[in-house]
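Okay, so here's the structure we're looking at.
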Amino acid sequence: MNTNNFSVQIKDLDLAFGPVKVLRSLDLDINHGEFLVLLGSSGCGKSTLLNCIAGLLEPTDGQIFINGENVTWKEPSERGIGMVFQSYALYPQMTVEGNLTFGLRNARMPKAEIQKRVARAAEILQIEPLLQRKPGALSGGQRQRVASGRALVRDVDVFLFDEPLSNLDAKLRADLRVEIKRLHEQLQNTMIYVTHDQIEAMTLADRIAIMKGGNIMQLGTPHEIYNKPLNKYVADFIGSPSMNFLDGEFKGGAFVKGDVRLPMKGYEFQAAQTPDQAVTIGIRPEHVITGELVANAPVKMEAKVELIEPMGSDTLVWVRVAGEPFRIRVDGQTQLRNRETLTIGIDPARASLFARESEVRL
Amino acid sequence: MTVADTGTASATRVHRRRPRILRNLASKTASIPMVATVLVIFIGCTLWTVIYSFTKSRLLPVPLFETMPLFSIPVPHLLASDGSWDFTLITGLKSSSFVGTDQYDRLWGTRRWIVSIGNLGIYGLCSMTFSLVIGFTLAALLDRKIRFENAFRTIILYPFALSFIVTGLVWQWILNPNFGIQKVVRDLGFENFVFDPLYNDKYVVYGILIAGLWQGTGLVMCLMLAGIRGIDEDIWKASRVEGIPVWKTYVMIVIPMMRPVFVTSVVIIGAGIVKVYDLVVAQTSGGPGISSQMPALYVMDKMFKDQNLAQGFAASTVMLMTVAIILIPWAYFEFGRKKNV
Ligand SMILES: Nc1ncnc2c1ncn2[C@@H]1O[C@H](COP(=O)(O)OP(=O)(O)OP(=O)(O)O)[C@@H](O)[C@H]1O
Ligand SMILES: [Mg+2]
């Protein structure tokens with residue numbers, strides 16, 4: 001009945017724990033071979049959604065399709081998925097090889113086939129020397145690899161990851177992030193990856209779904225999410241240091257706040273006609289123009305430096321624009337001083353304009 | 001790991017000049033009373049019991065060495081006063097109250113003791129097996145997120161709060177043919193129904209076993225439940241994703257992970273088995289005949305009723321040795337091995 005081309009399709013999914021509604025009529029289509037990241041702050045329902053896809057939680061309402069087949073009521077093992085958990089969930093009494101093969105042996109797969117799959121997974125993940133060890137004798141990164149291996153030997157089309165790297169230190173996380181990306185390139189299967197780390201999301205994802213309170217706030221490529229956030233929540237959530245917001249009025253094609261006036265020339269409005277209204281403008285610290293390039297900036301203004309935060313590669317400068325604190329990211333080698341006056345330039349085309357009430361992009 | 005190791009190694013090197021015994025002197029001093037208590041009560045009293053089991057003490061412990069006429073030689077000599085002959089007895093040397101292994105020979109020659117040992121064997125084996133199996137099964141059932149879990153847990157744990165005497169009496173009534181289960185079933189119309197384990201010398205141990213299980217399983221279940229709950233939920237999810245049946249997950253993954261809980265349970269159940277006493281007293285007082293005698297009962301009777309202290313000590317020494325023979329190698333494997341890994 002369903003002849004779509006999606007790898008995973010979620011239709012109108014609801015999930016409630018008793019009176020607590022965690023997911024609300026959620027729709028999500030994921031293409032074959034896509035790397036989709038579910039990103040959101042803690043408690044927004046990412047794990048819950050992933051567990052629904054895996055079949056570990058029964059949805060209250062709605063349907064889930066995997067490879068065009070309705071799997072809403074199927075057991076996790078029959079859905080053609082493999083899953084990697086935050087705590088890795090390795091079986092501590094079994095060797096690495098035992099961990100990799102336990103599910104397959106249980107499914108009475110022929111020995112030769114098991115051998116072949118384990119050998120392949122071990123080679124891809126470079127865990128051959130560890131096969132006879134117990135999980136207790138592995139480092140965090142090695143455990144993570146074994147956990148991925150357990151999903152890999154299942155030879156499935158869809159991989160689910162629930163914060164697989166968040167138990168690791170920053171350096172290892174960066175290394176393994178690259179490995180996961182490489183794994184995806186190599187396997188070319190669908191991956192759904194939960195994280196609350198936006199760097200992980202931006203670097204890994206083909207598309208990111210930003211969640212809040214059980215809803216998807218925006219679904220798009222990392223580029224879209226970063227440059228054209230559909231609402232203020234996404235704009236604020238993505239980017240570090242986060243976006244500057246100024247509350248003002250949209251009047252006659254310009255943003256006005258006190259004596260500051262920004263003509264929105266070059267800005268791509270969502271609608272053909274945008275009426276005058278109360279708005280919030282969002283400007284990323286790294287999109288403020290300084291130095292020699294200011295001369296070409298569409299809008300220029302003077303700002304007094306209030307605080308300087310050097311961060312090595314960049315420096316964060318706090319100034320005041322229209323009476324509000326405002327962050328600017330400049331080069332790390334800057335010679336700026338406190339209380340110095342600085343000319344900054346703003347390109348309205350790179351700003352984001354949100355309706356004040358609904359916080360939706362205009 | 002390696003970094004931490006080097007850290008400790010260098011830390012030890014700094015302190016090496018100090019003799020080991022002087023390290024942490026304050027805490028060692030503070031623990032002296034405790035160490036003394038342990039030495040006196042546990043080691044001292046145990047040794048005392050063992051030593052006296054080789055004596056012939058009856059009502060009171062006899063002095064270990066006493067002077068008694070082992071031999072007396074009449075020595076003739078002249079009395080100084082009137083010059084007549086007289087005899088003086090030279091009585092001799094110290095003898096001891098030690099009687100060697102007599103008490104043990106007697107012990108193993110007593111039918112009542114042999115029956116006790118047999119009963120304890122049956123009771124222990126069944127109690128250990130069923131406590132673990134039932135305790136784990138109940139815990140696993142409770143773990144399946146049923147409703148009213150708290151109510152069930154309280155009900156099952158409740159008997160544990162009762163004393164063995166109360167449990168024994170309750171089960172004595174329940175198993176009594178005149179007003180217990182047998183009566184109820186007969187009243188229902190099954191006139192020939194017989195269920196009187198406490199009055200049948202073949203089954204009396206099992207009657208005691210039922211009461212013991214009723215009381216002890218609750219605690220084992222709670223221990224097991226805590227152990228099961230301690231297992232990462234992701235393990236369950238992982239095994240579900242791999243399509244491993246629930247029972248197999250319990251057997252192959254959860255139980256091996258719960259090893260420490262099982263060890264604790266075995267120790268607790270084992271201690272309960274060895275000292276099973278009150279239950280027997282309350283239910284059968286060892287009867288009918290001597291068919292439900294237990295070693296602890298034998299010890300108590302010999303020590304306080306029959307005024308045969310040394311015999312009681314010998315019996316307790318045998319119990320102690322049995323426990324030690326089982327426990328020491330096991331403890332060695334269980335706890336000693338970890339250091340070598
Ligand atoms: N078993 C449960 N019963 C009731 N509420 C639950 C249950 N599991 C989760 N929730 C609630 O559902 C919401 C979403 O939980 P979820 O685990 O999906 O969050 P998350 O986005 O994965 O967060 P994190 O990043 O912290 O893992 C939370 O508010 C949580 O309190
Ligand atoms: Mg989560």
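The values are calculated or read from the model by the stated rules, or taken from the named source; none is laboratory data. Every value quoted in this text rests on a predicted model; they were computed, and no experiment measured them. Please note: Cβ atoms are built from the backbone with ideal geometry, for glycine as well, and neighbour counts cover all protein chains shown. When the accessible area is computed, the model is the full protein with side chains, heavy atoms only, and any ligands, DNA or RNA have been set aside. Shrake-Rupley method; radii C 1.70, N 1.55, O 1.52, S 1.80 Å.
Residues considered: A:K74, A:K11. Of these, the only one that is exposed (fewer than 15 other Cβ atoms within 10 Å of the Cβ) and away from ligand 1 (no atom under 16 Å from the Cβ) is A:K74.
Considering each residue of region A:90-109 in turn, none proves to be within 16 Å of ligand 1 (Cβ to nearest atom) and of a type outside the set (G, A, S). Of the listed requirements (1) within 27 Å of B:P260 (Cβ to Cβ); (2) of a type in the set (G, A, S); (3) within 16 Å of ligand 1 (Cβ to nearest atom), A:S166 misses just one: (1). Among the residues of region A:89-101, those that are without any contact (Cβ under 8 Å) to a residue 60 or more places away in the chain and more than 7 Å from chain B (Cβ to nearest Cβ) comprise A:M94, A:T95, A:V96, A:E97, A:G98, A:N99, A:L100, A:T101. Here is the figure for region A:272-313: residues that are touching a residue at least 60 places away in the same chain (Cβ under 8 Å) and either within 23 Å of A:P241 (Cα to Cα) or surrounded by 12 or more Cβ atoms within 10 Å (Cβ to Cβ) (or both) total 9.
In region B:254-263, of all residues being in contact with a helix residue (DSSP H, G or I) (Cβ under 8 Å, 6 or more places away or on another chain) and not aromatic (F, W, Y), the one that is nearest to the other protein chains (Cβ to nearest Cβ) corresponds to B:M257.
Quick one: which residue in A:S7, A:S25 is more than 14 Å from chain B (Cβ to nearest Cβ), more than 16 Å from ligand 2 (Cβ to nearest atom) and at positive phi? If you could, list the steps in order and put the result at the bottom.
Details: A:S7 fails: at positive phi.
Selected residue: A:S25, the only one of A:S7, A:S25 that is more than 14 Å from chain B (Cβ to nearest Cβ), more than 16 Å from ligand 2 (Cβ to nearest atom) and at positive phi.
Among the residues of region A:68-88, the ones that are away from ligand 2 (no atom under 16 Å from the Cβ) and at the interface with chain B (Cβ under 10 Å from one of its Cβ atoms) come to 7 in all. Scanning region B:148-156 for residues that are away from chain A (no Cβ under 14 Å), assigned to a loop (DSSP other than H, G, I, E, B) and under 23 Å from A:G55 (Cα atoms) turns up nothing. The conditions of being within 25 Å of A:G248 (Cα to Cα) and hydrophobic (A, V, I, L, M, F, W, C) are met by A:V317.
Taking the criterion of being open to solvent by 40 Å² or more (accessible area, probe 1.4 Å) and either outside any helix (DSSP H, G or I) or facing chain A (nearest Cβ under 9 Å) (or both), the residues of region B:216-235 that qualify are B:G230, B:D232, B:E233.
Out of region A:180-206, which residues are touching a Gly at 6+ places or on another chain (Cβ under 9 Å) and open to solvent by 50 Å² or more (accessible area, probe 1.4 Å)? Within region A:180-206, A:Q188, A:H196, A:D206 qualify.
For residues that are more than 14 Å from chain B (Cβ to nearest Cβ) and within 16 Å of ligand 2 (Cβ to nearest atom), tally how many sit in region A:180-198.
Counting residues in region A:180-198 that are more than 14 Å from chain B (Cβ to nearest Cβ) and within 16 Å of ligand 2 (Cβ to nearest atom) gives 5.
Here A:F17 clears all of (1) open to solvent by 50 Å² or more (accessible area, probe 1.4 Å); (2) within 16 Å of ligand 1 (Cβ to nearest atom); (3) within 20 Å of the chain's Cα centre (by Cα) except the condition numbered (3).
Restricting attention to region B:274-295, the residues that are among the hydrophobic types (A, V, I, L, M, F, W, C) and crowded, with 21+ Cβ neighbours inside 10 Å add up to 4.
Just one of the numbered conditions (1) in contact with an Asp or Glu (Cβ under 6 Å, 6 or more places away or on another chain); (2) within 13 Å of another protein chain (Cβ to nearest Cβ); (3) open to solvent by 20 Å² or more (accessible area, probe 1.4 Å) is not true of A:A137: (1).
For region A:37-51, the condition holds for no residue, the condition being that it is away from ligand 2 (no atom under 16 Å from the Cβ), within 22 Å of the chain's Cα centre (by Cα) and more than 13 Å from chain B (Cβ to nearest Cβ).
Among the residues of region A:52-67, those that are open to solvent by 10 Å² or more (accessible area, probe 1.4 Å) and within 13 Å of ligand 2 (Cβ to nearest atom) comprise A:L56, A:L57.
The rows are residues; the columns are (1) assigned to a helix (DSSP H, G or I); (2) more than 31 Å from the chain's Cα centre (by Cα); (3) at pLDDT below 75.
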{"site": "B:G7", "(1), (2), (3)": "yes, yes, yes"}
{"site": "B:R13", "(1), (2), (3)": "yes, yes, yes"}
{"site": "B:L39", "(1), (2), (3)": "yes, no, no"}
{"site": "B:W48", "(1), (2), (3)": "yes, no, no"}
{"site": "B:L60", "(1), (2), (3)": "no, no, yes"}
{"site": "B:E66", "(1), (2), (3)": "no, yes, yes"}
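Residues that are among the charged types (D, E, K, R) and in a helix (DSSP H, G or I) within region B:267-287 comprise just one, B:D278. What do you reckon, is A:F65 away from ligand 1 (no atom under 16 Å from the Cβ), more than 16 Å from the chain's Cα centre (by Cα) and aromatic (F, W, Y)? Criteria met by A:F65.
The set of residues in region A:25-44 that are open to solvent by 10 Å² or more (accessible area, probe 1.4 Å) and within 15 Å of ligand 1 (Cβ to nearest atom) comprises A:S41, A:S42, A:G43. Has region A:113-122 got at least one residue that is in a loop (DSSP other than H, G, I, E, B), away from chain B (no Cβ under 11 Å) and over 18 Å from B:I235 (Cβ atoms)? Checked region A:113-122: no residue is in a loop (DSSP other than H, G, I, E, B), away from chain B (no Cβ under 11 Å) and over 18 Å from B:I235 (Cβ atoms). Does region B:245-253 contain any residue that is outside any loop (DSSP other than H, G, I, E, B), open to solvent by less than 10 Å² (accessible area, probe 1.4 Å), at pLDDT 90 or above and away from every other protein chain (no Cβ under 14 Å)? There is no residue in region B:245-253 that is outside any loop (DSSP other than H, G, I, E, B), open to solvent by less than 10 Å² (accessible area, probe 1.4 Å), at pLDDT 90 or above and away from every other protein chain (no Cβ under 14 Å). Just so you know, in region B:111-163 the residues that are among the β-branched types (V, I, T) and under 19 Å from the mean Cα position of the chain (by Cα) include one that is farthest from B:M321 (Cα to Cα), and it is B:T129.
So that you can scan it fast, the table gives a plain yes or no per residue for (1) away from ligand 2 (no atom under 16 Å from the Cβ); (2) at pLDDT below 90:
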residue	(1), (2)
A:E163	no, no
A:A170	yes, yes
A:V178	yes, no
A:M211	no, no
A:P222	yes, no
A:D236	yes, no
A:N244	yes, no
A:D247	yes, no
A:G253	yes, yes
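Does region A:145-159 include one or more residues that are within 16 Å of ligand 2 (Cβ to nearest atom), under 30 Å from A:P241 (Cβ atoms) and either surrounded by 19 or more Cβ atoms within 10 Å (Cβ to Cβ) or in contact (Cβ under 8 Å) with a residue 60 or more places away in the chain (or both)?
Narrowing region A:145-159 to residues within 16 Å of ligand 2 (Cβ to nearest atom): A:147.
Next cut, under 30 Å from A:P241 (Cβ atoms) only: none.
Looking for residues that are within 16 Å of ligand 2 (Cβ to nearest atom), under 30 Å from A:P241 (Cβ atoms) and either surrounded by 19 or more Cβ atoms within 10 Å (Cβ to Cβ) or in contact (Cβ under 8 Å) with a residue 60 or more places away in the chain (or both), one finds none in region A:145-159, hence no.
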